[in-house]
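Asks: Have a look at the structure that comes next, please.
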Amino acid sequence: QKEVEQNSGPLSVPEGAIASLNCTYSDRGSQSFFWYRQYSGKSPELIMSIYSNGDKEDGRFTAQLNKASQYVSLLIRDSQPSDSATYLCAGGSARQLTFGSGTQLTVLP
Amino acid sequence: DTGVSQNPRHKITKRGQNVTFRCDPISEHNRLYWYRQTLGQGPEFLTYFQNEAQLEKSRLLSDRFSAERPKGSFSTLEIQRTEQGDSAMYLCASSLSGVDTQYFGPGTRLTVL
């Protein structure tokens, strides 16, 4: 059974702070990893993809992958109230993705 | 540049009825996926098409569920003899061969009464 585990939260951070989201996965065959953001009642929106060990930065977002530890993380710098959403971690291959249950983030003004 | 579209956006049906949903992927994307999401959970994989071929199907998927992509463009997902447990958001995603990133449509929310 392929599993992706996330802390469900909720996670609250003040505006301007760094939000740290974590994820572990069980399938060592997973090749691709993604972070999606999902607002209530909406569909998942891609934030970041990461395929190799190390860090990947895109604007205020940094994804980190450690395949040896089967661990993926997402840092959101200078958090804004508009970042308040559920963040979904996903891993897998071109054929299918396995999603975690999401971490609910609230950024307090 | 249009994204993934899904129709209808909402569907309310009575238990035992059949329902069909449609997904139109991003135009150049040859890979198409169906997922199901219930409240408080992440999307759960249902099935995967590459062009018109259905290459993956979740073992958890009931025989009441069937999906098609006859010409490698749009796809339909049919649920026969709906049950209350089928109530969920049904999400379609698409991607391009060689790029694993999946882009999601707005979803179809199904309510089975």
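The values are calculated or read from the model by the stated rules, or taken from the named source; none is laboratory data. Quantities reported herein were computed from a predicted structural model and do not represent experimental measurements. Using ideal geometry, Cβ is built from the backbone for each residue, glycine included, and neighbour counts are taken over all protein chains shown. Ligands, DNA and RNA are excluded from the accessible area calculation, which covers all protein heavy atoms including side chains. Shrake-Rupley method; radii C 1.70, N 1.55, O 1.52, S 1.80 Å.
Asks: Can you name every one of the strands (runs of 3 or more DSSP E) wholly within region B:60-113 that holds 2 or more residues which are within 14 Å of chain A (Cβ to nearest Cβ) and at pLDDT 95 or above?
Replies: On the way: elements: B:65-68, B:75-79, B:88-95, B:108-112.
Qualifying strands (runs of 3 or more DSSP E): B:88-95, B:108-112.
Asks: Can you tell me which residue is least open to solvent (accessible area, probe 1.4 Å) among those in region B:38-59 that are more than 20 Å from residue A:1 (Cβ to Cβ) and assigned to a loop (DSSP other than H, G, I, E, B)?
Replies: First, the residues of region B:38-59 that are more than 20 Å from residue A:1 (Cβ to Cβ): B:39, B:49-55.
Imposing the further condition that a residue be assigned to a loop (DSSP other than H, G, I, E, B) reduces the set to B:39, B:51-52.
On the way: B:39: 175, B:51: 64, B:52: 111 Å².
My answer is B:51.
Asks: In the set A:96, A:31, which member is touching an Asp or Glu at 6+ places or on another chain (Cβ under 7 Å) and modelled with pLDDT under 95?
Replies: Values: A:31 fails: touching an Asp or Glu at 6+ places or on another chain (Cβ under 7 Å).
Unique residue meeting the criteria: A:96.
Asks: Pick out, from chain A, the strands (runs of 3 or more DSSP E) lying fully within it that include 2 or more residues that are among the aromatic types (Phe, Trp, Tyr) and either under 26 Å from residue B:109 (Cα atoms) or more than 11 Å from chain B (Cβ to nearest Cβ) (or both). Even if it seems obvious, please write down each step before you answer.
Replies: On the way: elements: A:4-6, A:11-14, A:19-25, A:32-38, A:45-50, A:54-58, A:61-66, A:71-76, A:85-92, A:97-99, A:103-108.
Those strands (runs of 3 or more DSSP E) span A:32-38.
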